[in-house]
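Since the structure comes first, as structure tokens, the remarks are kept for the end.
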Amino acid sequence: MRRSRYGDAGQAFPIYITVVAGLLFLAFAYLAVGQAAANRNGAQTAADAAALAAALDTRDQLAGKWMEDVLDPEEWQDIFDGDVGGLDLSCWRADELAAQNDAHVEGCDPGILRYEVKVETDKPVGDSIVPGTEDEKSQATATAVIEFRCEFDLPGEEAGDGEEAGDGEGDDVLPLPQLTCGDRTWDPDPDDPTTLPGPEDLFDVHLAD
């Protein structure tokens, strides 16, 4: 009987080794999957940040254009629609934010009130049990949009004798339109900076669904 027990133990040992080897293989496989997932998540984070940064820079430029033409309300809507010249491309901001997230921009496509950015991670997935993946890098794409978030009505023209209001000496100058942005109302007065909405009041910047 004693020899039989030793024989059973000897037969069980290879099975034990096989089970342990299988568990180790699964552990390394899960680690490889985790490495790849982390790399992809890093790429998506970099893409999101890059697209948002480019859109925010354009938002600030549009707000600056509005400040320049604040006394000409008829120009406001074109500015708020992004239909204005003289804007600088903001892909350089996408480059900066991608670099801060260990990635680089592969493509930056500016549109009207939107930026689509594609990035690739600087670091590969790394060594794993999956052959050929150690040098692979992850890519991701994100699109950020800029939306005007206010409402306003142009005042009626009160001109006489073919002249526009405010053109002649003594004419009454029409007040600037009131801006309603979310739950706040603004009465713009260029002489009082506290009455002028900021870029974040005028525009909402977010990732596209």
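The values are calculated or read from the model by the stated rules, or taken from the named source; none is laboratory data. Small disclaimer: the values here were computed from a predicted structure and weren't measured. Cβ sites come from the backbone with ideal geometry, for glycine too, and all protein chains shown count toward neighbours.
Among the residues of region 64-78, the one identified as assigned to a loop (DSSP other than H, G, I, E, B) and within 14 Å of residue 197 (Cβ to Cβ) is 70.
Within region 46-87, can you find the residues that are within 30 Å of residue 121 (Cα to Cα) and of a type in the set (A, V, I, L, M, F, W, C)?
Step one: filter region 46-87 for residues within 30 Å of residue 121 (Cα to Cα), giving 46-61, 87.
The answer is 46, 47, 49, 50, 51, 52, 53, 54, 55, 56, 87.
Where in region 121-188 are there strands (runs of 3 or more DSSP E), lying wholly inside it, with at least 2 residues that are within 28 Å of the chain's Cα centre (by Cα), at pLDDT 60 or above and exposed (fewer than 14 other Cβ atoms within 10 Å of the Cβ)? Hits in region 121-188: 184-186.
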